[in-house]
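These notes concern the structure reproduced below.
Just so it is clear, none of the values below were taken in a lab; they were calculated from the coordinates. Computed from a predicted model, the values in this text were never measured in an experiment. All Cβ positions, even for glycine, are placed from backbone atoms using ideal geometry, and neighbour counts span all protein chains on display.
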Amino acid sequence: MNKTRRLTVRSRNGALHIVPIWQALTQYTEQVCRVAVRVGDAGRGGECLMIDIADIEDSQLQDIATKLSQSPWLLTTTVEQPPARTHSHVIAHR
């Protein structure tokens, strides 16, 4: 498989709930290769958590995004191919 996908979760300021996101990713934690957090996301306000996951099928990650998007505290969830390395605030890197 050998491809990496990014799950991006956005919420209003102070509303990002990390624990439910990690719980949704429980079976894929060994595949997480990068995590970044942004507050005051690019002029849009709010908070943003970006998680890059290796060797995961699009359908699997889309299922997780769909489940998370039902949470009332989320604004959006997206699944995409991560861009080339960017200068973001990396808090964990494997």
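A few notes on this one:
- For region 4-93, the relative contact order works out to 45 percent when only alpha carbon pairs closer than 8 Å and six or more residues apart are counted.
- Footprinting exposure proxy for ILE64, ILE21 (fewest neighbouring C-beta atoms within 10 Å first): ILE21, ILE64
- Loop-located chymotrypsin sites (Phe, Trp or Tyr not before Pro) in region 1-81 whose Cβ has at most 13 other Cβ within 10 Å (DSSP): TRP73
- Based on every Cα atom in region 4-93, Rg and the maximum pairwise Cα distance Dmax equal 12.2, 34 Å.
- FRET efficiency for the GLN23 to ALA84 pair, using the beta carbon distance and R₀ = 22 Å, is estimated at 0.15.
- Annotation: extensible slack from LYS3 through THR76 equals 24.0 nm (criterion: 0.36 nm per residue apart, minus Cα-Cα distance).
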